[in-house]
Amino acid sequence: PEPSKPPEINWGERRTSRRIQMKTRARVRRTDNRSEVVAPLNVSRGGIAFETAQQYRLDEMIQVALHYREGEQVLETLGSIVRVTPRGPTAEYGVRFG
């Protein structure tokens, strides 16, 4: 007999908060202080998703500042990369806060 395939992961079921799409900017800052400004694909109380050509590692710790505006004081939230989905020259990253 053929071995059975493992069940496909449904990422929607793993989310604990409803995701919303909003037009805003977020600064993603790495532990070595390199940063970039991204437009989140969606945001929730528990995390964000964004797309970029930069490469991040699964489980990489980052700081995220939502509603980012250059020159303003920002409040950063610690997060970790929990999902990486390649999209050609870019990738979509899922971040869990906390």
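The values are calculated or read from the model by the stated rules, or taken from the named source; none is laboratory data. Remember, predicted model here, so these are calculated numbers, not experimental data. Every residue, glycine among them, receives a Cβ derived from its backbone with ideal geometry; neighbour counts consider all protein chains shown. Remember, those area values only see protein heavy atoms, side chains included, never the ligands or the DNA or RNA. Shrake-Rupley method; radii C 1.70, N 1.55, O 1.52, S 1.80 Å.
Annotation: residue 73 fulfils all but one of (1) loosely packed, with under 10 Cβ neighbours inside 10 Å; (2) of a type outside the set (Gly, Ala, Ser); (3) modelled with pLDDT of 95 or more; the unmet one is (3). Looking at segment 4-56, the strands (runs of 3 or more DSSP E) lying wholly inside it that each contain 3 or more residues that are closer than 19 Å to residue 68 by Cβ, hydrophobic (A, V, I, L, M, F, W, C) and modelled with pLDDT of 90 or more sit at 47-52.
Can you tell me which residue within segment 28-56, out of those that are charged (D, E, K, R) and over 11 Å from the mean Cα position of the chain (by Cα), is most open to solvent (accessible area, probe 1.4 Å)? By that ranking, first place goes to 45. Name the residue that is nearest to residue 33 (Cα to Cα), counting only residues in segment 71-98 that are touching a residue at least 24 places away in the same chain (Cβ under 8 Å), part of a loop (DSSP other than H, G, I, E, B) and of a type outside the set (A, V, I, L, M). Only one residue fits best here, namely 76.
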